[in-house]
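Asker: Before I ask anything, let me first share the structure, which is written out below as structure tokens.
A short reminder: the numbers here are calculations on the coordinates, not readings from a lab. The shown structure was predicted, so the numbers you read here are calculated from the model rather than taken from an experiment. Here the Cβ positions follow ideal geometry from the backbone for every residue, glycine too, while neighbour counts run over all protein chains shown.
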Amino acid sequence: MKTIIASATLASLLAACSPAPPAVDQSVPAAEAPNAATAAIEGVGVVTAVDPAAGTISLDHEAITAINWPAMTMQFRADDPSILQGLAVGDRVRFELKSARESTIVTAVRKQ
């Protein structure tokens, strides 16, 4: 009987000493809170190829720390091919990836 009471007392003490759960920020509703997996990600690079008709662009981009990518050259698909109009090989650009989950899709490309 003493063992059961001691166990219950120990459990109560441990519960009382446990840290409180982290506070939830109620100022931003969950539906509006940014999600790292779906938030847009920005990068900077140089156009190495562009094909507006196919909706693709190749960029020699700097490291993108938001998704742990090193600098590299790769091809992306434009979410809307019209954003590629007026771009040419050699243009230095700032671009936006759709999200970490859809990191091969660009949603914006602007000359710098």
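Asker: Under a point spin-label approximation (7 Å from Cα along Cα-to-Cβ), what is the Ile67-Arg94 distance to one decimal in nm?
Answerer: Between Ile67 and Arg94, the label points sit 1.9 nm apart.
Asker: Here's something else I'd like to know. Once a ≥ b ≥ c are taken as the square roots of the eigenvalues of the Cα gyration tensor of segment 37-105, is the result rounded (a/c under 1.5), prolate (a/b larger than b/c) or oblate (a/b not larger than b/c)?
Answerer: oblate
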